[in-house]
Amino acid sequence: MKDGIFAVSKDSESKESRISIWETEKYVASENGETDRKGEREMKITLKDGSVKEYDQAVSVYDIAADISEGLARNACAGEVDGRVVDLRTMVDRDCCLNILTVHDPAGLAAYRHTTSHVLAQAVKHLYPEAKLAIGPSIENGFYYDFETPSFSRDDLDKIEAEMKKIIKAGEKLERFTLPREEAIKFMEEKGEPYKVELIRDLPEDAEISFYRQGDFTDLCAGPHLMSTKPIKAFKLTSSSGAYWRGSEKNAMLTRVYGTAFAKKEELNEYLEYLANIKNRDHNKLGRELELFATVDVIGQGLPLLMPKGAKIIQTLQRWIEDEEEKRGYMRTKTPLMAKKDLYVISDHWDHYKEGMFVLGDEEKDDEVFALRPMTCPFQYYVYKQSPKSYRDLPCRYGETSTLFRNEDSGEMHGLTRVRQFTISEGHLVVRPDQLEEEFKGCVDLAKYCLTTLGLEEDVTYRMSKWDPEKADHYLGNAEMWDEVEAAMRKILDDIGIEYTEEVGEAAFYGPKLDFMVKDAIGRRWQLGTIQVDYNLPERFELEYTGEDNKKHRPVMIHRAPFGSMERFVAVLIEHTGGKFPLWLTPDQVSILPISEKFNDYAYEVKRQLEAEDLSVLVDDRNEKIGRKIRDTELKRIPYMLIVGEKEAENNEVSVRKQGEGDKGSMKIA
């Protein structure tokens, strides 16, 4: 190295010379194919604070950081060149704007955690040499790595953590190198890493195939990474679970290890405390403790039993949304739970969704084959078709509280968030093209009303789910139609002023959608409501209306579910509220606690009066001390406790305690 610049050697054409990060011509070459800038004007690097650094040769991001200050180089995690995140080893050979990223920048923290995931993989290979490597990215709150290996216990994770600490203490430098495609494949085949080989084969032919090496460990990776493992100060492996390779149940089940990392021990401890708190809100734990639902092995995974309290919540939600839909001009339908295969062939669900359906019968043997419905839309199309429609009849807004069935894989089941039978408030709007914008906005307004009423709007993010033109055979319609519909949806969302992200490949097979996304207690993101625009199925079902010109026209369909599966919605509410639901939605709203058996009669009299006002009331007439009754009621998350004794009975009063607020004093029974 001379004046902070690393020289490039071309003397050797061996694999080892190509492996050296400073000897990879492609890595350091400029867009013009030349890195030696002598004789040219000095290039100008504009830093975040507006100051300018000048160099007469190509220089790495890391060396620029070191030129600014030793401390900055020590804390550097990645760089940002003209807005693009790059590795610290990236050579800068032209005028640009440069920002040095540290753990205080999201992209810098991601690189820090990504390097920690490589340390995890190295530790696993040390302890379990037969383990096969899959992928190990950084994620929002940490990182994970997938391995083909038997599952890990907590004791195993502790051993892996100890090995990671040894690797970090050794301060292994990370070296980046590239290999030609065939050599890269051979390199990973020799290491016995079939998942890495598959990833390489799936890369575009012209892709740069890069690796990072730290000590005795090498991984296929695009980066960016820290310069060494030494800066990693605080990390924790938080859990281990199963995960399908590439997210498909058709592939092998791998072992996924989750972890997180921070620059300071104090930050890690705060996060671990936060995790402990939110795990206490896990609906799968809290929902059972509150006797809202249960699961039974002989009934099956993904088929929860809603207990009386849980059923009461679902019933209240159902009545509420149905009443609101009626106010907004929806017409109620009730359609069958199953249909012949013929219906799903017309809708194309048979080709696109058959594996997710419960099929009744054998196509090769039976005259008629049925399937439990995974959606309601084809049924409501035939409701529409029962009579001719004029342009004056549109929009037709159909609503139904439906029971649907999805043949989810057993490995995907989780509490109420992913089940095989669920309840959904489903609606389908048949509209004229000129009504699409107004009706779509009405669906957004309904969804936001539901989320706001239940206190969830601030926790929801919006995702516009688009088709993937690279997989056009997975969708109905052509590229022109998809571009048109997506443009129309984007315009509506921009007009409304919703902040949203766009994601390719998440659309329904018949049209794009706006998805309402929310996180659960352990950070997984779930879809709640959805609004979908569909030009395809009206065509397949030959839906039509007579226009002002007295000619037949094709309507547009809007599919909408303001909060999706009610079971999943309840799961999110449990975690959001910690089981302390809004009063109107709470199954047991009031608990009356007589101080002794002598006052049970008065307690039941108060109960009758409150029930006459449509309140849900319990009497705790157990022969227990009042302190025990109060504690038990608090654990049940019942909003109000009314304590009654001699004084209260004489004065027709109750002593009121409110959940989380304590004693509110004595009050008369009106």
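For this structure, a couple of remarks:
- Rounded to 10°, Cα long-axis angle of helix 566-577 versus longest principal axis of the chain: 80 degrees
- Accessible area per residue, Å², the chain with all protein chains present, probe 1.4 Å: 49 Å²
- Where both bridge residues fall in the chain, DSSP classifies roughly 85% of the beta bridges as antiparallel.
- In degrees, nearest ten, helix 600-611 long axis to first principal axis of the chain (Cα): 80 degrees
- Cα gyration tensor shape of the stretch 610-670, rounded if a/c is under 1.5, else prolate or oblate by comparing a/b with b/c: rounded
- Nearest-ten-degree value, helix 154-170 long axis tilted from longest Cα axis of the chain: 30 degrees
- Rounded if a/c under 1.5, otherwise prolate or oblate - the stretch 352-458, Cα gyration tensor axes: oblate
- Compared with the alpha-carbon gap, the fully stretched path from residue 550 to residue 668 is longer by 35.7 nm at 0.36 nm per residue.
- Rg and Dmax of the stretch 544-670, both derived from C-alpha coordinates alone, stand at 23.3, 80 Å.
- With a Förster radius of 45 Å applied to the C-beta separation of residue 483 and residue 81, the computed FRET efficiency comes to 0.90.
- Loop-located GluC sites (Glu not before Pro) in the stretch 448-551 (DSSP state not H, G, I, E or B) with no more than 11 neighbouring Cβ atoms inside 10 Å: 499, 542, 548.
- Pairs of Cα atoms nearer than 8 Å and 6+ residues apart set the relative contact order; for the stretch 125-243 it is 30 percent.
- 24 Å Cα-Cα threshold exceeded, pairs from 125/169; 191/233; 441/552: 191/233; 441/552
- Taking label points 7 Å from Cα along the Cα-to-Cβ direction, residue 494 and residue 364 give a separation of 5.4 nm.
- Partners of residue 279 within straight-line reach, counting lysines whose Cα lies under 20 Å from its Cα and excluding those fewer than 8 residues away in the same chain: 236, 519, 580, 636.
- Computed extension gain for residue 605 through residue 322, at 0.36 nm per residue and net of the alpha carbon distance, reaches 98.5 nm.
- Model label points for residue 47 and residue 647, set 7 angstrom from Cα along the Cα-to-Cβ axis, are 7.1 nm apart.
- Working note: Debye formula, equal point scatterers on the alpha-carbon atoms of the stretch 56-99, no solvent; log10 I(q)/I(0) at q = 0.13, 0.17, 0.19, 0.32 Å⁻¹ is -0.23, -0.39, -0.49, -1.26.
- To put it simply, the accessible area of the chain at a 1.4 Å probe is 47 percent carbon and sulfur.
- Qualifying GluC sites (Glu not before Pro) in the stretch 276-332, DSSP loop, other Cβ atoms within 10 Å at most 11: none
- Taking the helices alone, the chain has a mean residue ellipticity at 222 nm of -10000 deg cm²/dmol, built from -39,500 (n - 2.57) per DSSP H run of at least 4 residues and averaged over all its residues.
- Cross-link reach is defined here as a Cα-Cα straight distance under 14 Å, omitting same-chain residues fewer than 8 places apart; for residue 309 the aspartates and glutamates meeting it are 289, 291, 567, 588.
- The stretch 239-338 shape via C-alpha gyration tensor axes, a/c threshold 1.5: prolate
- Part-to-part distance (alpha-carbon centres) for the stretch 380-426 and the stretch 203-225, which is given in Å: 46 Å
- Model label sites at residue 181 and residue 252, defined 7 Å from Cα along the beta-carbon direction, differ in position by 2.4 nm.
- Label zone (residue 72, point 7 Å along Cα-to-C-beta; backbone nitrogen cut-off 11 Å) within the stretch 91-117: 98-101.
- Compared with the alpha-carbon gap, the fully stretched path from residue 583 to residue 315 is longer by 95.0 nm at 0.36 nm per residue.
- Counting only aspartates and glutamates at least 8 places from residue 230 when in the same chain, those with an alpha carbon closer than 13 Å to its own are 172.
- With a Förster radius of 22 Å applied to the beta-carbon distance between residue 127 and residue 241, the computed FRET efficiency rounds to 0.70.
The values are calculated or read from the model by the stated rules, or taken from the named source; none is laboratory data. Note that the structure is predicted; figures quoted are calculated from it, not measured. Because the Cβ atoms are built from the backbone with ideal geometry, glycine has one as well, and the counts that use them run over all protein chains shown. Surface accessibility is based on the protein's heavy atoms, side chains included, excluding ligands, DNA and RNA. Shrake-Rupley method; radii C 1.70, N 1.55, O 1.52, S 1.80 Å.
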